[in-house]
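Since the structure comes first, as structure tokens, the remarks are kept for the end.
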Amino acid sequence: MTARLLVVDDEPRTAELTAELLRRAGYVVDVAGSGTEALERVRASSPDLMLLDYEMPDMEAPEVLDLLRSGADRLDFPVIILTGARHAAGDQVLGIERGATDYILKGTDRQVLLARIRGALRDNGGAGGVIVRGRLRVNAARGQAWLGERALKLERRPLLMLQLLVGRADEVVTRAEILERVWGSSYSGFEHSLEQAAHEIRSALVEPGWIETVRGIGYRFVTKD
């Protein structure tokens, strides 16, 4: 099935140039000219991926991400932020922590942009089905996890982190690898986000002992009956 993308940019020419590039690459593309219009389109019909301009007259990307998550536990599609000016490390951390999948500078080589889109779609939709370890089942592609019959409420990155650990059960996964695989960066500014994700996983599981901290190295998922 052809992926449907939503391009959000308040500059009509920029939006249409991006949309045409994506259409030539084989995607079905819709365009929104503001954060408000983007929210309306998403709530009417969720896209497979959104390309979101950081700065728009009505709201900035982090606010759009917050509103997309309001009333729900997670974004169920990847969001790539495009920016021309807001590319400082702090801006990137803010966007990623609010739920963005990736962060790309406007003017990035077209083939690189297309590769990042393909990667985000692959990671979101091709997570390899359900992983089962003891009473725990995880399906990050569908945004779902269960402990026995109890559904776990986890946002996207804690869920992806849990999937990574469960897939490597009883093995220590380093902090650097978790950051690279889940956040797409080894930037130290995401360390707090990683620790917060581990806390959210443990809180959702309720039962102690599933996730071990290996001090100075990383985390390990311990298979339990």
Qualifying residues in segment 130-145 (those that are in a strand (DSSP E or B) and of a type outside the set (Val, Ile, Thr)) - the one farthest from residue 206 (Cα to Cα): 139
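Of all the residues that make up segment 152-205, how many are within 15 Å of the chain's Cα centre (by Cα) and in a helix (DSSP H, G or I)?
19
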Within segment 78-106, restricting to residues that are of a type in the set (Gly, Ala, Ser) and within 14 Å of the chain's Cα centre (by Cα), the one that is modelled with the lowest pLDDT is 95
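From 47, 57, which residue is in a loop (DSSP other than H, G, I, E, B), assigned by TED's automatic domain parsing to the domain that holds residue 98, closer than 20 Å to residue 122 by Cα and not hydroxyl-bearing (Ser, Thr, Tyr)?
Result: 47 is the single residue among 47, 57 that is in a loop (DSSP other than H, G, I, E, B), assigned by TED's automatic domain parsing to the domain that holds residue 98, closer than 20 Å to residue 122 by Cα and not hydroxyl-bearing (Ser, Thr, Tyr).
Out of contact with any helix residue (DSSP H, G or I) (no Cβ under 6 Å at 6 or more places or on another chain) and of a type outside the set (A, V, I, L, M): which single residue out of 157, 181, 202 fits that description?
After ruling out the rest, the residue left standing is 202.
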Subset of segment 48-77, residues buried (at least 22 other Cβ atoms within 10 Å of the Cβ), under 17 Å from the mean Cα position of the chain (by Cα) and at pLDDT 85 or above, comes to 49, 50, 51, 52, 53, 54, 61, 64, 65
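The values are calculated or read from the model by the stated rules, or taken from the named source; none is laboratory data. Keep in mind that this is a model prediction, so the values were computed, not measured. So basically every Cβ, Gly included, is an ideal-geometry build from the backbone, and we count neighbours across all protein chains shown.
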